[in-house]
Amino acid sequence: MDKYAKRQYIIGVIFALIAIIFIVRLFSLQVLDSSYKKYATRNVLRPVINYPARGLIYDRNGDLLVYNKAAYDLLVTPREVSAFDTTQLCSILKISKDELVQELKKARKYSRYKPSVIVKQLSTEMYAMLQEKLYKYPGFFVQTRTLREYAHPIAAHMLGYVGEVNQSQINKDPYYAQGDYIGITGIERAYEKELRGHKGVSYFLVDVHNRLKGAYNEGKNDSAAVLGNNLTTTIDAKLQAYCELLMQNKRGAVVAIEPSTGEILCYFSGPDYDANLLVGRERSKNYQMLLADTLKPLTNRAISAAYSPGSTFKTINALIALEEGTITPQTTFVCGGPGTKPISCTHHHESPIDLVGGIRESCNPYFWNTFRSIIGNYPKAEDGYKKWREYVESFGLGQRLGTEFYGQSPGNIPQASYYDRFYGRHHWNALTVRSLAIGQGEVIVTPLQMANMAAVIANRGYYIDPHLVKSISDPDNNIHQLDFKRSDCMVHADKFEQVIEGMQEVIDQTNTRYTAHVDGIEICGKTGTIQNTHGADHSAFIAFAPKNNPKIAIAAYVENGVWGARYAAPIASLMIEKYLNDSIGAPNRLATEKRMIEANLLNPNQKK
């Protein structure tokens, strides 16, 4: 064979091998590999996400608080869009042409191949009208989902609201995609994973006119959505609604707890808002309106407001001194009437006065001396203060309580190092920080902490983590009861009785009787008047009832309420009476109720 024939043979073999490779590859692509078939079917297949309905939310008595209603989103896949009548589509959707163009630009920027939401939360009527015309708009399709609906305009801060996920949330949890919704505040946020359920997906065949022609592959590739779990909360809806009636036109917060369980019966921050404002197509506009409101209705004062406890804190100082043995119930201190130094007596002349009398009369000099005895019980003031601070924190103060309260402030029980920096080490003592004796100065609490403090006293020395949810039930109605931690304070149970006796006398033997006493119910409470340099003083009150085997502990804080017995005490006592008796009885109590409901502390012209 000559060299030319040999070359010809080699070239022929090469071409034959190339042909074989192409044939094998084509066979693999067209017969063995199904991925390209899937790419081809994308032109006629439409995946539709099946969004689960979020779990329902009930009050402690089974009253429905939050449920779902149907809504529809219009989506677009940009690469499938062809020329369409923009005027007609805008008319159906009730949006401007500029808005539609802008949304289409955003969709193309996000992805030409993935669907994006164009218009959210179409009404049922709008959806019905659109369905008849949808074949005219290639690339557009509708997806069903649900929105939250609130059965009663109450407990907005407790329930929270739902909003669209942002990119940061998507990056943190691959479950979410653009356009999904997530709990933003309240128990909607705290129990997001329990409430949200699990998404499913269905695949549909569509024709060239964008019309559904049926399920793809007989639905074998579909997955069903799993409903979210239902929550039963600890809230008593009737008590919550009553509280909101009493607190209308007032700034402040009220928290009520069942002492034996830590279950929160009422959780109010005012001014509040109707949670239905943050649902639907008007949500963004309403949110901006609430955000701009100078009364700050979106602020949850129950867990984030920085309040001084005032004279309600005197109960804690009394209990610490009893446990430390620096006073006994019989210990007396001279009051001396108005003008007593370094902390003045403000309103009574009984002197000397003992523990029960000191609490009953809220005697400032008595508690200054009590505080001094605690700090002075140690060789160094710094050591005495550190021990005092340990006691205070064991009542749940100066720390975040529970796990359900997003945005909760820990309050402030300052460390000794704070005073070291401010005054210099070894250059301060009880006299320097004497305002702490009467709940003023640097000590800061939240209404939730104040209610928990009342629960500790009611329980004679312990608390269960305050919480808002009792149980969780899955779609098969399996109920999971939740357990919460018990914490014991550093004061033993036998030290509480004399303090509680003084708290009962506050209600039965002082001017507070006229605003807080309820015949037939032994209420134990303590008022507080909080100094305010920006206007009228604030009104505070803690209480529990009945005295033995208490069913409710409560804290009320009314900004610019002048003094404790004027607004906080009557509001809290009315709530106690309503909860325990289910009604307001005596004529004088009905008159008090009317006065609280009609009081408008947001009106600068109304006499406080």
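Taking into account only those residues within segment 465-482 that are among the acidic types (Asp, Glu) and over 22 Å from residue 450 (Cα atoms), which is surrounded by the fewest Cβ atoms within 10 Å (Cβ to Cβ)?
By that ranking, first place goes to 476.
I'd like to check something: does segment 584-604 contain any residue that is at pLDDT 95 or above, among the charged types (D, E, K, R) and closer than 18 Å to residue 503 by Cα?
Among the residues of segment 584-604, not one is at pLDDT 95 or above, among the charged types (D, E, K, R) and closer than 18 Å to residue 503 by Cα, which makes the answer no.
Being closer than 14 Å to residue 310 by Cα and either crowded, with 18+ Cβ neighbours inside 10 Å or out of contact with any Phe, Trp or Tyr (no Cβ under 7 Å at 6 or more places or on another chain) (or both): is that true of residue 443 here?
The answer is yes for residue 443.
Scan segment 138-170 residue by residue and report those that are in contact (Cβ under 8 Å) with a residue 24 or more places away in the chain, surrounded by fewer than 23 Cβ atoms within 10 Å (Cβ to Cβ) and part of a loop (DSSP other than H, G, I, E, B).
138, 139, 151, 152, 153
With at negative phi, among the acidic types (Asp, Glu), assigned by TED's automatic domain parsing to the domain that holds residue 588 and assigned to a loop (DSSP other than H, G, I, E, B) as the only criterion, which of 494, 483 stands out?
Matching residue, one of 494, 483: 483.
Filter segment 43-97 for residues that are among the charged types (D, E, K, R) and out of contact with any helix residue (DSSP H, G or I) (no Cβ under 6 Å at 6 or more places or on another chain); which is nearest to residue 164 (Cα to Cα)?
Here the answer is 73.
Can you find a residue that is surrounded by fewer than 18 Cβ atoms within 10 Å (Cβ to Cβ), at pLDDT below 90, out of contact with any strand residue (DSSP E or B) (no Cβ under 9 Å at 6 or more places or on another chain) and at positive phi anywhere in segment 210-218?
Yes: segment 210-218 contains one or more residues that are surrounded by fewer than 18 Cβ atoms within 10 Å (Cβ to Cβ), at pLDDT below 90, out of contact with any strand residue (DSSP E or B) (no Cβ under 9 Å at 6 or more places or on another chain) and at positive phi.
Does residue 89 count as under 23 Å from residue 54 (Cα atoms), surrounded by 14 or more Cβ atoms within 10 Å (Cβ to Cβ) and not β-branched (Val, Ile, Thr)?
no
Hey, can you tell me all the residues within segment 81-102 that are among the charged types (D, E, K, R) and more than 18 Å from residue 131 (Cβ to Cβ)?
97, 98, 99
Please verify whether residue 109 is farther than 25 Å from residue 275 by Cα, modelled with pLDDT of 90 or more and surrounded by fewer than 14 Cβ atoms within 10 Å (Cβ to Cβ), treating the condition exactly as stated. Give the derivation first.
Details: farther than 25 Å from residue 275 by Cα: yes; modelled with pLDDT of 90 or more: no; surrounded by fewer than 14 Cβ atoms within 10 Å (Cβ to Cβ): yes.
In short, no.
Check off (1) free of Cβ contacts under 8 Å to residues at least 60 places away in the same chain; (2) under 27 Å from residue 146 (Cα atoms) for residue 270 and give me the number that stays unchecked.
(2)
Condition first: loosely packed, with under 14 Cβ neighbours inside 10 Å and not aliphatic (A, V, I, L, M). Now tell me which residues in segment 115-132 satisfy that.
124, 125, 131, 132
Residue 95 - would you say it is part of a loop (DSSP other than H, G, I, E, B), within 20 Å of residue 282 (Cα to Cα) and of a type in the set (A, V, I, L, M)?
Yes.
Within segment 232-265, count every residue that is of a type in the set (Asp, Glu) and farther than 19 Å from residue 482 by Cβ.
1
Listed here are the residues, each with its yes/no results for (1) part of a loop (DSSP other than H, G, I, E, B); (2) buried (at least 19 other Cβ atoms within 10 Å of the Cβ); (3) not aliphatic (A, V, I, L, M).
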| site | (1), (2), (3) |
| --- | --- |
| 385 | no, yes, yes |
| 397 | yes, yes, no |
| 400 | yes, no, yes |
| 407 | yes, no, yes |
| 414 | yes, no, yes |
| 417 | no, no, yes |
| 426 | yes, no, yes |
| 430 | yes, yes, no |
| 436 | no, yes, no |
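What is the number of the single condition among (1) part of a helix (DSSP H, G or I); (2) under 30 Å from residue 461 (Cβ atoms) that residue 260 does not meet?
Single failed check for residue 260: (1).
I need a count of the residues in segment 74-83 that are surrounded by fewer than 19 Cβ atoms within 10 Å (Cβ to Cβ) and assigned to a loop (DSSP other than H, G, I, E, B).
So the count comes out to 3.
Residues being at pLDDT 90 or above, in a loop (DSSP other than H, G, I, E, B) and either outside the structural domain of residue 559 (by TED's automatic domain parsing) or of a type in the set (Gly, Ala, Ser) (or both): count how many of those fall in segment 502-535.
1
Would you confirm, using the coordinates I've provided, whether residue 260 is of a type in the set (Ser, Thr, Tyr), assigned by TED's automatic domain parsing to the domain that holds residue 114 and in contact (Cβ under 8 Å) with a residue 40 or more places away in the chain?
No.
Let me spell it out: the conditions are (1) touching a Phe, Trp or Tyr at 6+ places or on another chain (Cβ under 6 Å); (2) in the same structural domain as residue 156 (by TED's automatic domain parsing); (3) farther than 19 Å from residue 145 by Cα, and residue 203 meets all of them except one. Which number is the exception?
In the conditions (1) touching a Phe, Trp or Tyr at 6+ places or on another chain (Cβ under 6 Å); (2) in the same structural domain as residue 156 (by TED's automatic domain parsing); (3) farther than 19 Å from residue 145 by Cα, residue 203 misses (3) alone.
How many residues, within segment 55-73, are surrounded by 19 or more Cβ atoms within 10 Å (Cβ to Cβ) and modelled with pLDDT under 90?
3
Can you name the number of the only condition in (1) surrounded by fewer than 22 Cβ atoms within 10 Å (Cβ to Cβ); (2) hydrophobic (A, V, I, L, M, F, W, C); (3) within 28 Å of residue 590 (Cβ to Cβ) that residue 246 fails?
Answer for residue 246: the failing condition is (1).
Pick out the one residue from 285, 296 that is part of a helix (DSSP H, G or I) and out of contact with any helix residue (DSSP H, G or I) (no Cβ under 7 Å at 6 or more places or on another chain).
Details: 296 fails: part of a helix (DSSP H, G or I).
Testing whether each residue is part of a helix (DSSP H, G or I) and out of contact with any helix residue (DSSP H, G or I) (no Cβ under 7 Å at 6 or more places or on another chain) leaves just 285.
How many residues does segment 519-553 contain that are of a type in the set (Val, Ile, Thr) and under 26 Å from the mean Cα position of the chain (by Cα)? Reasoning before the result, please.
To start, the set of residues in segment 519-553 that are of a type in the set (Val, Ile, Thr) comprises 521, 523, 527, 529-530, 533, 542, 552.
Of the ones still in play, those that are also under 26 Å from the mean Cα position of the chain (by Cα) are 530, 542, 552.
The total comes to 3.
If you go through segment 105-123, how many residues are in a helix (DSSP H, G or I) and under 35 Å from the mean Cα position of the chain (by Cα)? It would help to see each step written out before you state the result.
We begin by selecting, within segment 105-123, every residue in a helix (DSSP H, G or I); these are 105-110.
Then keep just the ones that are under 35 Å from the mean Cα position of the chain (by Cα); that gives 106-107, 110.
Looking only at that region, the number is 3.
Looking only at segment 327-373, which residues are surrounded by fewer than 19 Cβ atoms within 10 Å (Cβ to Cβ), modelled with pLDDT of 80 or more and touching a strand residue (DSSP E or B) at 6+ places or on another chain (Cβ under 9 Å)?
The initial filter retains those residues of segment 327-373 that are surrounded by fewer than 19 Cβ atoms within 10 Å (Cβ to Cβ), namely 328-332, 334, 336-339, 341-342, 344, 346-352.
Pick out the ones that are also modelled with pLDDT of 80 or more and you get 328-332, 334, 352.
Selection gives 332, 334, 352.
Within segment 444-480, can you find the residues that are assigned to a loop (DSSP other than H, G, I, E, B) and at pLDDT 95 or above?
Listed by number, the residues that qualify are 446, 459, 460, 461, 465, 466, 468.
Of everything in segment 219-238, what is out of contact with any Pro (no Cβ under 8 Å at 6 or more places or on another chain) and surrounded by 23 or more Cβ atoms within 10 Å (Cβ to Cβ)? Give them in sequence order.
Matches in segment 219-238: 231, 233, 234, 235, 236.
The values are calculated or read from the model by the stated rules, or taken from the named source; none is laboratory data. Not measured: the values here are computed from a predicted model. Please note: Cβ atoms are built from the backbone with ideal geometry, for glycine as well, and neighbour counts cover all protein chains shown.
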